[in-house]
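Peer 1: Dropping a structure here in structure tokens format, bear with me for questions.
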Amino acid sequence: MLHKTKKIVQKIMGKKRILAGLLFSFLSTAHADVVTSIRPLGFIAAAITNGVTDVKILLPDGASPHDYSLKPSDLEKIKTADLFIWVGSDMETFLEKPLAQLPTQKRIALTNDPAIKTRLLKSSDEGTPVNSKSAHDHDHHHNVIHNHHSHGEYNMHIWLSPDIARIAANIIHHRLVVLYPKYKNQLDVNLRKFDEKLTQTDKNIAKMLQSVGDKRYFVFHDAYSYFEKRYHLDSLGYFTINPIIQPGAQRLYQIRTMLAQKKAVCVFAEPQFRPAVIKAVIKDTDVRMGTLDPLGSGIGLSKDSYVEFLTALSNQFKSCLDKN
């Protein structure tokens with residue numbers, strides 16, 4: 001009798017452990033205290049939340065904020081987050097409606113913050129000729145082939161600016177102190193360490209890219225203005241301002257002509273989009289094809305993720321531009 005009772009107790013305890021494990025698994029996948037729309041924002045948030053709370057990223061690797069469609073599991077993550085961080089409606093239009101249902105204290109649209117708003121660069125205009133003096137010349141950025149398919153007046157790829165990333169870290173820190181006042185000291189330390197590492201990384205990258213400042217190139221889409229401005233890189237232009245819109249025949253002909261004239265040494269694709277059009281344009285030329293990943297696919301979340309991301313992007317630029 002005692003033996004049977006023990007077996008029954010063991011079965012009940014075993015089922016309880018299974019149920020507890022399933023519940024933990026559900027909670028860990030459906031809920032995170034801080035959720036960001038895209039991976040680079042997760043890098044910044046992870047540095048500030050280190051040792052305080054978890055960060056989850058909404059978009060999976062390989063997805064683009066330009067054409068993403070929300071799944072039911074995404075909506076659950078948004079609903080259960082203590083704080084949701086996104087770029088803003090001009091970049092992630094698919095988030096506008098679900099985030100409108102969250103209380104204002106539970107969401108941060110970074111481009112709505114005045115400190116970031118004043119630093120936004122305008123999307124490039126059409127028709128700026130090579131080496132002309134335009135409104136953009138102060139930033140050493142000479143875009144020459146553009147279009148009118150902008151999805152906003154401003155370039156929303158703000159995470160590619162180390163200066164704006166520093167401001168974003170401060171904005172996130174301020175909100176987290178309100179949410180988790182008991183952890184203020186840890187959050188303060190995290191912010192200081194992030195700032196120190198970013199300052200050093202910024203210097204390292206500036207030195208690394210100094211040797212390729214005179215090498216010209218094309219990028220797949222108009223994402224890199226902030227990075228190019230900061231590190232004095234000299235882009236000839238881009239295939240499309242919005243990667244979900246394929247470049248037209250005239251655009252491709254213009255780029256192909258410039259490549260034939262040896263004005264560029266490299267054309268950059270992106271892992272989120274098929275490079276077939278780029279391969280076709282550079283065929284039978286001496287121009288190299290590189291890959292730039294503006295979303296940091298494959299980089300894990302840690303306190304050092306953002307500086308690792310910037311360093312990786314810098315190496316991607318240099319590896320294609322610096323070849324003899």
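Peer 1: Residues being on the phi > 0 side of the Ramachandran plot and surrounded by 22 or more Cβ atoms within 10 Å (Cβ to Cβ): count how many of those fall in the stretch 202-240. Quick ask: steps written out before the conclusion?
Peer 2: Here is the first cut: in the stretch 202-240, the ones on the phi > 0 side of the Ramachandran plot are 232, 237.
Add one more test, that the residue is surrounded by 22 or more Cβ atoms within 10 Å (Cβ to Cβ), and what stays is 237.
Of the residues in the stretch 202-240, 1 are on the phi > 0 side of the Ramachandran plot and surrounded by 22 or more Cβ atoms within 10 Å (Cβ to Cβ).
Peer 1: I've got another one for you. Would you mention how many residues in the stretch 63-82 are assigned to a helix (DSSP H, G or I), in contact (Cβ under 8 Å) with a residue 40 or more places away in the chain and of a type in the set (D, E, K, R)?
Peer 2: Taking the stretch 63-82 first, the residues assigned to a helix (DSSP H, G or I) are 72-80.
Now narrow it down to the ones that are in contact (Cβ under 8 Å) with a residue 40 or more places away in the chain: 73, 76-78, 80.
Imposing the further condition that a residue be of a type in the set (D, E, K, R) reduces the set to 76-77.
Here the count works out to 2.
Peer 1: Only one of Arg175, Arg192, Arg256 is under 30 Å from Thr49 (Cβ atoms), in contact with a helix residue (DSSP H, G or I) (Cβ under 9 Å, 6 or more places away or on another chain), not β-branched (Val, Ile, Thr) and not in a loop (DSSP other than H, G, I, E, B). Can you tell me which?
Peer 2: Of the residues listed, the single one that is under 30 Å from Thr49 (Cβ atoms), in contact with a helix residue (DSSP H, G or I) (Cβ under 9 Å, 6 or more places away or on another chain), not β-branched (Val, Ile, Thr) and not in a loop (DSSP other than H, G, I, E, B) is Arg175.
Peer 1: Additional query: From the list Leu209, Leu259, pick out the single residue that is hydrophobic (A, V, I, L, M, F, W, C), under 26 Å from Asp304 (Cβ atoms) and either in contact with a strand residue (DSSP E or B) (Cβ under 9 Å, 6 or more places away or on another chain) or modelled with pLDDT of 95 or more (or both). Spell out how you get there, then give the answer.
Peer 2: On the way: Leu259 fails: under 26 Å from Asp304 (Cβ atoms).
Every option except Leu209 fails the conditions.
Peer 1: Quick one: in the stretch 100-112, of everything that is surrounded by fewer than 18 Cβ atoms within 10 Å (Cβ to Cβ) and without any contact (Cβ under 8 Å) to a residue 60 or more places away in the chain, which residue is nearest to the chain's Cα centre (by Cα)?
Peer 2: My answer is Asn112.
Peer 1: Filter the stretch 287-303 for residues that are outside any loop (DSSP other than H, G, I, E, B) and touching a Phe, Trp or Tyr at 6+ places or on another chain (Cβ under 8 Å); which is surrounded by the most Cβ atoms within 10 Å (Cβ to Cβ)?
Peer 2: That would be Gly290.
Peer 1: Anything in the stretch 32-57 that is more than 24 Å from Pro72 (Cβ to Cβ), in contact with a Leu (Cβ under 7 Å, 6 or more places away or on another chain) and not in a helix (DSSP H, G or I)? List them, or say none.
Peer 2: Val52
Peer 1: All but one of (1) assigned to a loop (DSSP other than H, G, I, E, B); (2) within 15 Å of the chain's Cα centre (by Cα); (3) surrounded by 14 or more Cβ atoms within 10 Å (Cβ to Cβ) hold for Pro60; which doesn't?
Peer 2: Only one criterion is unmet by Pro60, namely (3).
Peer 1: State all residues of the stretch 235-247 that are in contact with a helix residue (DSSP H, G or I) (Cβ under 8 Å, 6 or more places away or on another chain) and closer than 25 Å to Leu209 by Cα; if no residue qualifies, say none.
Peer 2: The answer is Ser235, Leu236, Gly237, Phe239, Thr240.
Peer 1: Of the residues Ala269, Ala276, Ala312, which is free of Cβ contacts under 8 Å to residues at least 24 places away in the same chain and in contact with a Gly (Cβ under 8 Å, 6 or more places away or on another chain)?
Peer 2: Among Ala269, Ala276, Ala312, only Ala312 is free of Cβ contacts under 8 Å to residues at least 24 places away in the same chain and in contact with a Gly (Cβ under 8 Å, 6 or more places away or on another chain).
Peer 1: Could you grab me the full set of residues in the stretch 261-286 that are among the charged types (D, E, K, R), surrounded by fewer than 16 Cβ atoms within 10 Å (Cβ to Cβ) and farther than 20 Å from Ala223 by Cβ?
Peer 2: Those that are among the charged types (D, E, K, R), surrounded by fewer than 16 Cβ atoms within 10 Å (Cβ to Cβ) and farther than 20 Å from Ala223 by Cβ: Lys262, Lys283, Asp284, Asp286.
Peer 1: Also, I was wondering about something else. Going through Ile85, Ile108, Ile116 one at a time, which residue ends up being in a helix (DSSP H, G or I), among the β-branched types (Val, Ile, Thr) and closer than 18 Å to Gly42 by Cβ?
Peer 2: Values: Ile85 fails: in a helix (DSSP H, G or I); Ile108 fails: in a helix (DSSP H, G or I).
From the options Ile85, Ile108, Ile116, the qualifying one is Ile116.
The values are calculated or read from the model by the stated rules, or taken from the named source; none is laboratory data. For clarity, every value in this text was computed on a predicted model and none was experimentally measured. When we count neighbours, we look across all protein chains shown, and the Cβ atoms used for this are built from the backbone with ideal geometry, even at glycine.
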